[in-house]
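Please treat every number below as a calculation from the coordinates, not as lab data. Since the structure is predicted, the reported quantities are computational estimates derived from the model, not experimental observations. Ideal geometry is used to build each Cβ from the backbone, glycine not excepted, and the neighbour counts take in all protein chains shown.
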Amino acid sequence: MRPHQSAWLGLATVMPQQRVRLAAAPRRIPLGHGWVLTQLNGHLVTQLEGHQANQLGQGQLTESLRARGPILPIQVSLPQAAAAGMRQNGEVPGTIEEVQALVDTGASITATNEALAARLGLIATGSVQVGGVTGVDTRPLYGMRIVMPEPGFTFDPIQIVGANLNAPDFEILIGRNLLCSMMMTYDGPRGQFALTK
């Protein structure tokens with residue numbers, strides 16, 4: 001593999017959190033610690049269980065979003081073209097995994113934890129110089145399929161970088177290469193964030 005380009009991975013605050021399983025058409029997804037992911041007026045928002053969206057704005061909600069960051073559940077897998085090629089060769093492609101992702105506006109490219117890349121059977125297609133708080137390193141590039149069930153985004157294939165995220169509460173950093181195709185609203189006083197088309 002040869003270096004392809006350079007990218008920047010931003011900082012992330014790590015807080016304990018549970019993995020979630022997505023329903024076919026989720027409306028309320030538990031995120032752990034009393035938080036749920038829900039849809040409000042076509043926007044994906046996090047809120048504290050039992051609170052109405054118009055009641056958000058308490059200091060506790062604001063602090064939780066500040067401490068945890070904007071985290072949401074996504075589905076990841078091999079790109080469909082790669083999975084189809086494997087099937088034609090009699091191989092069984094990896095499964096779809098539901099994981100937590102942190103939206104990171106400081107990252108120029110989306111990153112996956114190396115352990116997740118291995119579980120999915122992703123194959124490196126090149127490499128990239130990645131800069132972060134620990135310095136610059138050459139990391140592998142992969143193709144991946146990412147689905148955000150709500151608000152309904154699918155990226156297939158999308159180029160991502162492999163990284164050692166060392167974060168127990170998320171396995172993907174959503175970088176600006178995905179964010180450039182959507183709108184993000186970060187409402188600190190209400191403790192909400194939203195991704196829309």
Fill in the blank from the handout: By Cβ neighbour count within 10 Å, fewest first, Glu98, Glu63 rank Glu63, Glu98
Exercise for the section: List Thr196, Thr62 from most exposed to least, where exposure is judged by having the fewest other Cβ atoms within 10 Å. Expected result: Thr196, Thr62
Handout entry: Contour excess over end-to-end distance, with Cα ends at Cys180 and Gln80 and 0.36 nm allotted per residue
Key = 33.8 nm
